[in-house]
Amino acid sequence: MRQGFPIATKGMKIGLLGGSFDPAHEGHVHLTHEALKRFGLDRVWWLVSPGNPLKARQPAPMTERLARAQGVMDDPRVVITDIEARLGTRYTAQTLAALIRHYPEVRFVWLMGSDNLVQFDRWDHWQDIMQMVPIGVLARPDSQIAARLSKAATVYRRVRLAEGSARLLAIGPPPRWCFLDMPLRSASSSAIRARGCWRPKG
């Protein structure tokens with residue numbers, strides 16, 4: 001395995017939670033713990049991205065975001081990684097294709113909040129993403145209804161797993177996805193940035 005890449009063994013079920021994590025917060029932690037438990041995952045990797053192509057505003061420096069993420073997530077099953085920067089990928093479809101090549105015997109699941117499912121059809125090669133890995137969608141405030149009515153949910157309604165079958169998500173072939181309702185946390189990165197209370201002093 002290349003230096004700086006997370007370690008994974010054959011047959012592991014690993015959830016991938018991508019984003020700028022600008023900054024990471026307890027909402028990310030809550031979503032991750034729910035995904036681990038209810039999808040039956042062995043690990044979750046937080047993919048701290050170099051930048052989000054859909055956002056005009058670019059994030060804080062990678063070192064700051066990685067340090068913050070390590071500070072809020074204290075669970076040995078969760079790996080905080082800058083692997084997208086190491087791979088040189090910018091879009092999720094590119095990242096997934098590279099990870100599948102590097103880890104051919106791992107069962108990956110892409111994780112997203114329901115707010116992302118609402119605009120998933122705007123992502124680069126979004127239907128390719130659906131064909132690459134199962135997708136686990138977790139409820140986020142004010143987006144549950146819109147997510148269920150989204151273009152992606154409509155196009156792929158026939159391959160949606162019932163919530164009671166969530167633990168089967170990682171072990172079946174894509175395309176397949178599952179929507180989880182769960183207790184909600186209102187924390188958001190944009191609200192934390194607005195308060196100006198997370199950036200290191202210096």
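The values are calculated or read from the model by the stated rules, or taken from the named source; none is laboratory data. What you see is a predicted model, and the numbers here were worked out from it, not measured in a lab. A quick note on method: Cβ atoms are made from the backbone with ideal geometry, for glycine too, and the neighbour counts reach across all protein chains shown.
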Whichever residue in segment 141-196 is in contact with a Gly (Cβ under 9 Å, 6 or more places away or on another chain), crowded, with 18+ Cβ neighbours inside 10 Å and in a helix (DSSP H, G or I) and, among such residues, is modelled with the lowest pLDDT = 189
Condition met for residue 110 (under 13 Å from the mean Cα position of the chain (by Cα) and either surrounded by fewer than 17 Cβ atoms within 10 Å (Cβ to Cβ) or more than 18 Å from residue 150 (Cα to Cα) (or both)) = no
How many residues, within segment 127-140, are modelled with pLDDT of 95 or more and basic (Lys, Arg)?
-> 0
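If a residue has to be of a type in the set (D, E, K, R) and either assigned to a strand (DSSP E or B) or farther than 15 Å from residue 170 by Cα (or both) to count, how many in segment 1-48 make the cut?
The qualifying residues number 5.
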Residue 81, sole failed condition from (1) at pLDDT below 95; (2) surrounded by 15 or more Cβ atoms within 10 Å (Cβ to Cβ); (3) among the hydroxyl-bearing types (Ser, Thr, Tyr) | (1)
